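Engineer: Questions regarding the structure given below will be posed in turn.
The values are calculated or read from the model by the stated rules, or taken from the named source; none is laboratory data. Computed from a predicted structure; not experimentally measured. Here Cβ is always computed from backbone atoms with ideal geometry, including for glycine, and neighbour counts include all displayed protein chains.
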Amino acid sequence: SVSDSKCTGDTDCEDDGVACTTPTCQAGSCVQLPSDALCDDDNDCTGDLCDPDAGCLHPPVEDFTPCEIVTVPDVSFDICSSGRCVSPGTCGDAACNTPGPHVPLPEARHVGLVRDTSVTGQPVVEDPVTGLDWQGCAAGRGGDDCSGGETVAHLFEDALIYCDGLAWGGHTDWRLPDPYEMSTLYNEEDATGFASFAVVDVDAFPNWDATYFWTTAASAFAPEQQWLTAHFFGIYSPTLLLPYTARGDGAAEVAVRCVRGAEGAVNSGPRFERKEQTTQNWLVIDHRTSRMWHGCAAGQSGSACVSGSAEEMSFENAKKYCSDSGWAGLADWRLPTLKELLWVVDFQREGVMTDFEAFPSTPGSWFWTGAEYDEDPPRAMSVSFEPFIELDALVTVRGLGSGMENAYVRCVRNF
């Protein structure tokens, strides 16, 4: 800004009191020159901007921007999340969980993975959709088809250290995956019954273990627990995502599979956009996954979804509700895939685990997905937005004969 003061040099100009401006004499008049450098707050996860009127501003940089923080254990994968540097999995707190998914959303049946065996005994599985590379064998196994050795279970902290220090397939930048990354491997159309088998691309992942794997996501409900994922179904294991003790007494040892790649900031701007398309019919656009959602659960309407009551219904009725829906004057609605619904779960939140600005009044219970079992009677996968109310899980099987015949509904369509 330019003042009325006349000057022959900088010393003739008075400071205006704004922390990031410098009084300078230019062409005989005093000016206050802003300098972003004077606003450096030594935080990799915020910008440093000088506003001549407001002073220093520190807007958060894009989530998943690389940063550096020292943690115990100290691992290499440090990312920005809402303006702070975190190392997922190291702090034992949900605030350190990854801020949502950061890779493209795969289809329900995810195939086309490429198994690279160019380094003998250390296969790497490359995913051209997500940009992720996977350790081709679980920790402890080796060989081009993972038939060598046996899967070695690790304590959670040891799992973090194992992946961070892993040299495999010619790469050294491995990390423990988050739940969204692990879910990319689900092949929902392979879920054809309760026989114990993997629901992954078994050509890409031979000798996949029928067991649970660690993720970096800490439970927001129980600080001693981490979220586990499974990629198989068995008579005693109909759940695909559940919390388990990782710290303190009773800490579990669980299998490990590491991931790498797809690092860097996600798209700029807010992830969710909520808008009223027609009277009382609100839409939610997810710019990160290119999906459009009913703005309210079935039975609700309005800006805050407080008109009406959320309605539970059977799987068959849920499919019909979505396929017949003309919500907001649009067609092509359907039940979401397992990955689509799981990717609007927010692992940083306690209580109902979703973005309440985008999805207000979401019931803290089970919602149907379109991931159907090919069996009689039909059953399907469901996702809960509030664990510990039933089965302590986020993903499980529901349907006729299961004692859990009904669930809530939120329809989706491609955008």
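Engineer: Of the residues Arg260, Arg274, only one is under 18 Å from Pro177 (Cβ atoms) and out of contact with any Lys or Arg (no Cβ under 6 Å at 6 or more places or on another chain); which?
Structural biologist: When all the criteria are applied, what remains is Arg260.
Engineer: I've got another one for you. Would a scan of the range 298-307 turn up a residue that is of a type in the set (Ser, Thr, Tyr), part of a strand (DSSP E or B) and either touching a helix residue (DSSP H, G or I) at 6+ places or on another chain (Cβ under 6 Å) or surrounded by fewer than 17 Cβ atoms within 10 Å (Cβ to Cβ) (or both)?
Structural biologist: Yes: one or more hits.
Engineer: Identify, please: which residue in the range 332-341 is at pLDDT 95 or above and not in a strand (DSSP E or B) and is, among those, farthest from Ser183 (Cα to Cα)?
Structural biologist: For the range 332-341, the residue satisfying everything is Asp332.
Engineer: Can you tell me which residue among Pro73, Pro106 is within 28 Å of Pro243 (Cα to Cα), out of contact with any Phe, Trp or Tyr (no Cβ under 8 Å at 6 or more places or on another chain), loosely packed, with under 14 Cβ neighbours inside 10 Å and touching a residue at least 40 places away in the same chain (Cβ under 8 Å)?
Structural biologist: Of the residues listed, the single one that is within 28 Å of Pro243 (Cα to Cα), out of contact with any Phe, Trp or Tyr (no Cβ under 8 Å at 6 or more places or on another chain), loosely packed, with under 14 Cβ neighbours inside 10 Å and touching a residue at least 40 places away in the same chain (Cβ under 8 Å) is Pro73.
Engineer: Output the qualifying pairs, or none if there are none: Cβ atoms under 7 angstrom, residues six or more apart or on different chains, first residue in the range 258-276 and of a type in the set (S, T, N, Q), second residue surrounded by fewer than 17 Cβ atoms within 10 Å (Cβ to Cβ) and assigned to a loop (DSSP other than H, G, I, E, B).
Structural biologist: What qualifies is Asn267/His287; Ser268/Glu62.
Engineer: For the range 16-25, state whether one or more residues are within 43 Å of the chain's Cα centre (by Cα), on the phi < 0 side of the Ramachandran plot, assigned to a loop (DSSP other than H, G, I, E, B) and among the acidic types (Asp, Glu).
Structural biologist: Taking every residue of the range 16-25 in turn, none turns out to be within 43 Å of the chain's Cα centre (by Cα), on the phi < 0 side of the Ramachandran plot, assigned to a loop (DSSP other than H, G, I, E, B) and among the acidic types (Asp, Glu).
Engineer: I've got another one for you. Being modelled with pLDDT of 95 or more and either surrounded by fewer than 20 Cβ atoms within 10 Å (Cβ to Cβ) or closer than 30 Å to Thr46 by Cα (or both) is true for just one of Val119, Val111, Val124. Which residue is that?
Structural biologist: The unique qualifying residue is Val119.
Engineer: Of the residues that make up the range 311-329, is at least one farther than 20 Å from Gly364 by Cβ, at pLDDT below 95, surrounded by fewer than 22 Cβ atoms within 10 Å (Cβ to Cβ) and of a type in the set (A, V, I, L, M)?
Structural biologist: Yes, the conditions are met somewhere in the range 311-329.
Engineer: Mind checking which residues of the range 121-161 are farther than 16 Å from Phe205 by Cα and out of contact with any Gly (no Cβ under 6 Å at 6 or more places or on another chain)?
Structural biologist: Correct list: Val129, Thr130, Ala153, His154, Leu155, Phe156, Glu157, Asp158, Ala159, Ile161.
Engineer: Can you find even one residue in the range 244-258 that is touching a Pro at 6+ places or on another chain (Cβ under 9 Å), crowded, with 17+ Cβ neighbours inside 10 Å and not in a loop (DSSP other than H, G, I, E, B)?
Structural biologist: So far as the range 244-258 goes, no, none of its residues is touching a Pro at 6+ places or on another chain (Cβ under 9 Å), crowded, with 17+ Cβ neighbours inside 10 Å and not in a loop (DSSP other than H, G, I, E, B).
Engineer: Shifting gears a bit: So Thr65 fits all but one of (1) without any contact (Cβ under 8 Å) to a residue 24 or more places away in the chain; (2) farther than 30 Å from Cys7 by Cα; (3) out of contact with any Pro (no Cβ under 7 Å at 6 or more places or on another chain); what number is the exception?
Structural biologist: (1)
Engineer: Could you tell me whether the range 4-18 includes any residue that is of a type in the set (A, V, I, L, M, F, W, C) and either surrounded by fewer than 17 Cβ atoms within 10 Å (Cβ to Cβ) or modelled with pLDDT of 95 or more (or both)?
Structural biologist: Taking every residue of the range 4-18 in turn, none turns out to be of a type in the set (A, V, I, L, M, F, W, C) and either surrounded by fewer than 17 Cβ atoms within 10 Å (Cβ to Cβ) or modelled with pLDDT of 95 or more (or both).
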